[in-house]
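Below is one structure, written out as structure tokens; comments come after it.
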Amino acid sequence: MKTIDTFDKQFQTDAECKAFLAEARWPHGVHCPRCDRKEKIYTLKARPFHWVCKNADCGGKNGYRFSILTKTIFQDTKIPLVLWFKVGYLMLVAKKGVSALQLHRVIFGEHSGSDYRTTWYMCHRWRSAMHGDVLPLTGEVEVDETYVGGKDKNRHKSKRIGITGGAGKVAVIGAIARKGMVIAKAIERADAATLQRFVHETVADDVSLVATDEAAGYRGLKKQGIPHQSVSHNKGEYVRGNVHTANLDSFWSLFKRGIIGSFHHVSKAYLPLYLNEFSYRHNMRKNPNAFAELLTTRSR
């Protein structure tokens, strides 16, 4: 990953950003974002980084016009790409995440007159793009669920519900391969049907081990052909040979520290986007081309 100084020197103008985006998006030549062909694609010389597709079943006689920004998170934006790139890069390299307010202060300054909501919008657009197809997980896989939300005793007196445990919090489930790839998603309830469906959707058919804790929702996986083993945290058992959930516990710890330290509060509606961000950053932590790959993904 580039240093911030190197990054700033490489991306000083929108033209430099567009050139980098074009190379990252179409390393083997420009493709039409509608029909995905590179034949009959013509450059519009009067408009840099704009093309027209003349394939009969796509643009037809008049052609389909598109730019380097078409079908990206930057489409129709009026914000300079230099700022988009800076926000995305800083989000990608911040291990525990960085809030939109902090980014706004760093990039725009407190007295710039720009709207904080613009930075907030950009951050969420980047998070929507931070998804990757890492399925299915193979080898030895850990699966565990956790709950995200403040403790009841820390809430304002008028908002306390008087119940301990996971009540009032959002359930989240995750899976991590011992090789390091992680998948995490918010769920409505942590019942057996949900937990087992997640395991079947996430792990490969030839997975060698699925390690979990003793939660009742995972019982029955062996009968379904999954090589499942568990440890009993309630009995003080956290590791038994290669059966443990230590790697996923570390990811949950980092995620929660990031939420508390950087964002302070995350609503249920936006929690999936923050899970996107932390999972993507974890999965790309050793990839020197992480930023270029992020530029080529489409938001959901």
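The values are calculated or read from the model by the stated rules, or taken from the named source; none is laboratory data. Here the structure is a predicted model, which means the values were calculated and not measured. Quick reminder, even Gly has a Cβ in these numbers, built from the backbone with ideal geometry, and neighbours come from all protein chains shown.
Scanning the range 228-249 for residues that are part of a helix (DSSP H, G or I) and either touching a strand residue (DSSP E or B) at 6+ places or on another chain (Cβ under 9 Å) or touching a residue at least 60 places away in the same chain (Cβ under 8 Å) (or both), which turns out farthest from G174 (Cα to Cα)? Applying the filter and picking the extreme gives A246.
Checking each residue in the range 243-300 for being surrounded by fewer than 18 Cβ atoms within 10 Å (Cβ to Cβ) and of a type in the set (K, R) picks out K256, R257, K268, R285, K286, R298, R300.
Residues that are surrounded by 14 or more Cβ atoms within 10 Å (Cβ to Cβ), at pLDDT below 95 and on the phi > 0 side of the Ramachandran plot within the range 19-61 comprise just one, K40.
Restricting the range 50-74 to residues that are under 28 Å from the mean Cα position of the chain (by Cα) and assigned to a loop (DSSP other than H, G, I, E, B) leaves a set whose member that is nearest to W26 (Cα to Cα) is I68. Looking only at residues in the range 215-227 that are of a type outside the set (G, A, S) and either in contact with a Leu (Cβ under 6 Å, 6 or more places away or on another chain) or part of a helix (DSSP H, G or I) (or both), which one is surrounded by the most Cβ atoms within 10 Å (Cβ to Cβ)? Here the answer is Y218. Here is the figure for the range 84-99: residues that are crowded, with 19+ Cβ neighbours inside 10 Å and either part of a loop (DSSP other than H, G, I, E, B) or over 13 Å from the mean Cα position of the chain (by Cα) (or both) total 7. As a summary of the residue check, L101 satisfies the conditions (1) at negative phi; (2) touching a Gly at 6+ places or on another chain (Cβ under 6 Å) except for the one numbered (2).
Can you find a residue in the range 101-114 that is surrounded by 16 or more Cβ atoms within 10 Å (Cβ to Cβ) and in a loop (DSSP other than H, G, I, E, B)? Checking the range 101-114: at least one residue is surrounded by 16 or more Cβ atoms within 10 Å (Cβ to Cβ) and in a loop (DSSP other than H, G, I, E, B). Restricting attention to the range 115-153, the residues that are under 11 Å from the mean Cα position of the chain (by Cα), at pLDDT 90 or above and outside any helix (DSSP H, G or I) add up to 1. Being surrounded by 12 or more Cβ atoms within 10 Å (Cβ to Cβ) and within 22 Å of M130 (Cα to Cα) is the requirement here; does V170 meet it? Yes: the conditions hold for V170. Here is a list: Y270, Y238. Which entry is under 16 Å from G149 (Cα atoms) and out of contact with any Pro (no Cβ under 7 Å at 6 or more places or on another chain)? Of Y270, Y238, the one residue that is under 16 Å from G149 (Cα atoms) and out of contact with any Pro (no Cβ under 7 Å at 6 or more places or on another chain) is Y270.
Output yes when any residue across the range 193-214 is part of a strand (DSSP E or B), more than 18 Å from Y147 (Cα to Cα) and within 21 Å of the chain's Cα centre (by Cα), and no when none is. Taking every residue of the range 193-214 in turn, at least one turns out to be part of a strand (DSSP E or B), more than 18 Å from Y147 (Cα to Cα) and within 21 Å of the chain's Cα centre (by Cα). Any idea which residue in the range 91-109 is nearest to S279 (Cα to Cα), counting only those that are in contact (Cβ under 8 Å) with a residue 40 or more places away in the chain and among the aliphatic types (A, V, I, L, M)? By that ranking, first place goes to L92.
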